[in-house]
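Everything on this sheet refers to the single structure shown next.
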Amino acid sequence: MISSRNQHLVFMPGMDGTGLSFDLVLPFLPREAKITIVRYPAGKLLSFDETVECAAVQIPPGDPPIVIAESFSGPVAIKMIGSGRVKAKALVLCATFAKSPRPVVWRVMRFLRLPLLIKPEMPKRFFKVVIGDDKLIDKLKPLWKKVHAQVPARVMQHRLKIINEIDVTTWLAKIKIPCRYLQAINDRLVPSSCAGYIKKHLAHLEIKRFDAPHFILQAEPQACLEEIEVFIKGRI
């Protein structure tokens, strides 16, 4: 549990943009913690730069926050902070990337229009391939239904296109605040090389590895938050 109660924590979501996945994380935070959850509009096709601005305007002014960005939001946070659009105390990147993580795979997924094939009631074997953990599958399936009800397939398709084209490498060198990367060892969507690539361009980045699938915050909320607490105490 985060004991640094005076810190402002900003959580930035994965590709669905709803922030619903943080429902599995919030119970492990103290009730008095100052929390902002960034959410991307489900009815608009935002460009990458528009997505950065959309996130930035949701962060209240005042004491610089600790930004915790998972998956799709990693590059959003990198540019948002690297460009100086938002002043932050620290950045925690979770199972994410600075450029397209698997260019060929993501291009094939987009060509197949995979989001259009995904239904609210997906067979468990689909989740098994992506997640691998039966207990986590049972936790995430109800959230999946909520997400599917809110986010049109065309929006997911558009965000796949953004992932294919993303490259925020130039902004990494401009980030001077403390940074931590939480890496999921069993990640089947973002390869381990993505963490190494970010560290190559962000020398002061510290990497912490967890025995978890891509949805690392949801799979290991307490362990991840404890690691963030250690990071906060040691670097801020």
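The values are calculated or read from the model by the stated rules, or taken from the named source; none is laboratory data. Note that the coordinates shown come from a computational prediction; the quantities given were computed from them, not determined experimentally. Here the Cβ positions follow ideal geometry from the backbone for every residue, glycine too, while neighbour counts run over all protein chains shown.
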- Message: Given the options ILE228, ILE236, name the one that is aliphatic (A, V, I, L, M) and surrounded by fewer than 20 Cβ atoms within 10 Å (Cβ to Cβ).
- Response: ILE236
- Task: Please work out if ARG188 is in a loop (DSSP other than H, G, I, E, B) and basic (Lys, Arg).
- Result: yes
- Query: among the charged types (D, E, K, R), modelled with pLDDT under 95 and within 23 Å of PHE215 (Cβ to Cβ), is that true of ASP63?
  - Reply: no
- Query: Taking the stated definitions as given, is ALA195 without any contact (Cβ under 8 Å) to a residue 12 or more places away in the chain and over 25 Å from ILE35 (Cα atoms)?
  - Reply: no
- Query: Hey, does the range 165-178 have a residue that's basic (Lys, Arg) and either outside any loop (DSSP other than H, G, I, E, B) or under 17 Å from the mean Cα position of the chain (by Cα) (or both)?
  - Reply: no
- Quick one: is LEU29 of a type in the set (A, V, I, L, M), more than 20 Å from VAL168 (Cα to Cα), more than 17 Å from the chain's Cα centre (by Cα) and modelled with pLDDT under 95? yes
- Note on the structure: Of the residues in the range 17-46 that are small (Gly, Ala, Ser) and more than 17 Å from VAL155 (Cα to Cα), the one that is surrounded by the fewest Cβ atoms within 10 Å (Cβ to Cβ) is ALA33
- Task: Return a yes/no flag: does the range 11-27 have any residue that is touching a residue at least 60 places away in the same chain (Cβ under 8 Å) and among the acidic types (Asp, Glu).
- Result: yes
